[in-house]
Amino acid sequence: MDRILVIDKPSGMTSHDIVDVVRKKLNIRKVGHCGTLDPMATGVLVILTNKATKRQAELSSDEKEYLCTMELGSATDSHDSTGNIVDQASTKYINKALIEHTLDSFKGKQKQVPPMVSAKHYKGKRLYKLAREGIVVDREPVDIEIRELEILKINQDEVIFRVVCSKGTYIRTLCDDMGKKLGCFAHMNALRRTRSGSFLIDDALKLEDIESLIEDEDNKA
């Protein structure tokens, strides 16, 4: 049972929730994942079991690819649509050329400040727990790289784009930063991870299909 499983994570579940489900379905104690996905996000979540967990650090370092929907006109305290609106501005003067130029400027290596609503630690406590208490602390910027950024569709105040980035990149913070640079604010409306390293969404299993896959493999063995 030393496996690498590629799961298509559904919305509404944490990455840890998926680990718990796999642990129970396969009756395995040692289970880990490679790269956290926010509860609202969907897509590729690489799950490791037993001895395969030794590759967690290696596989977590792989670059990631996402499809993101960004909403222009407002910023939220979580940088996504689950948060409370904290800033708003007109999008009247925002056009396709400005959006393309602004998003293009975010390509390459850069520093990014992690959002307060994140699982990063501050003095032994998760940032999102501090955020729930209304506490905001200074966060150290981290090195990230946006390797590819391609606009797929612009529909009024909605921008859909594809992004390939280094590990540790917060796409919702990227949306927030791009909104500020555009001058109209923005937040992330939807996120789907389509690739983690060499693991593709086309190869991903639905959570409910795990048990039947294992049974099929055992029958062939």
remark   = Taking region 85-126 and keeping residues in contact (Cβ under 8 Å) with a residue 40 or more places away in the chain and under 19 Å from Thr36 (Cβ atoms) leaves Gln112, Val113, Pro114, Pro115, Val117, Ser118, Ala119
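State whether one or more residues within region 94-109 are farther than 24 Å from Tyr128 by Cβ, of a type in the set (Ser, Thr, Tyr) and in the same structural domain as Lys167 (by TED's automatic domain parsing). Outline the logic, then answer.
We begin by selecting, within region 94-109, every residue farther than 24 Å from Tyr128 by Cβ; these are 94-109.
After this cut, where a residue has to be of a type in the set (Ser, Thr, Tyr) as well, the list is 102, 105.
Checking which are in the same structural domain as Lys167 (by TED's automatic domain parsing) leaves us with 102, 105.
So far as region 94-109 goes, yes, one or more of its residues are farther than 24 Å from Tyr128 by Cβ, of a type in the set (Ser, Thr, Tyr) and in the same structural domain as Lys167 (by TED's automatic domain parsing).
Take region 34-48 and flag every residue that is closer than 15 Å to Leu207 by Cβ and either among the aliphatic types (A, V, I, L, M) or at pLDDT below 95 (or both).
Result: Leu37, Pro39, Ala41, Val44, Leu45, Val46, Ile47.
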task = Considering every residue within region 95-112, establish whether at least one is among the basic types (Lys, Arg), at pLDDT 95 or above and part of a strand (DSSP E or B).
result = yes
remark   = For region 80-136, the count of residues that are in contact with a Gly (Cβ under 7 Å, 6 or more places away or on another chain) and surrounded by fewer than 14 Cβ atoms within 10 Å (Cβ to Cβ) equals 1
inquiry  = Under 8 Å between Cβ atoms, which residue pairs at least 6 apart in sequence (or on different chains) link something in region 129-154 that is over 10 Å from Gln112 (Cα atoms) and outside the structural domain of Arg172 (by TED's automatic domain parsing) with a partner that is of a type outside the set (Ser, Thr, Tyr) and surrounded by fewer than 11 Cβ atoms within 10 Å (Cβ to Cβ)?
reply    = none
ask   = Glu58 is checked against (1) in a strand (DSSP E or B); (2) within 14 Å of Gly197 (Cβ to Cβ) and fails just one. What number does that condition carry?
value = (1)
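Quick one: which of Ile47, Ile28 is in contact with a Leu (Cβ under 8 Å, 6 or more places away or on another chain) and either more than 16 Å from Leu191 (Cα to Cα) or of a type outside the set (S, T, N, Q) (or both)?
Details: Ile28 fails: in contact with a Leu (Cβ under 8 Å, 6 or more places away or on another chain).
Sole residue among the options that is in contact with a Leu (Cβ under 8 Å, 6 or more places away or on another chain) and either more than 16 Å from Leu191 (Cα to Cα) or of a type outside the set (S, T, N, Q) (or both): Ile47.
Kindly indicate the residue of region 15-42 that is among the charged types (D, E, K, R) and part of a loop (DSSP other than H, G, I, E, B) and also surrounded by the fewest Cβ atoms within 10 Å (Cβ to Cβ) among those meeting that condition. Please lay out each step first, then the result.
First pass over region 15-42, keeping only residues among the charged types (D, E, K, R): 17, 20, 23-25, 29-30, 38.
Of the ones still in play, those that are also part of a loop (DSSP other than H, G, I, E, B) are 29-30, 38.
Details: Arg29: 8, Lys30: 13, Asp38: 23.
The extreme case among them is Arg29.
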task = Determine, yes or no, whether Val22 is among the hydrophobic types (A, V, I, L, M, F, W, C) and modelled with pLDDT of 95 or more.
result = no
Looking only at region 50-77, and only at residues there that are modelled with pLDDT of 95 or more, among the hydroxyl-bearing types (Ser, Thr, Tyr) and under 20 Å from Met13 (Cβ atoms), the one that is surrounded by the fewest Cβ atoms within 10 Å (Cβ to Cβ) = Thr69
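The values are calculated or read from the model by the stated rules, or taken from the named source; none is laboratory data. Treat the numbers as computed from the prediction; the structure is a model and nothing was measured. When we count neighbours, we look across all protein chains shown, and the Cβ atoms used for this are built from the backbone with ideal geometry, even at glycine.
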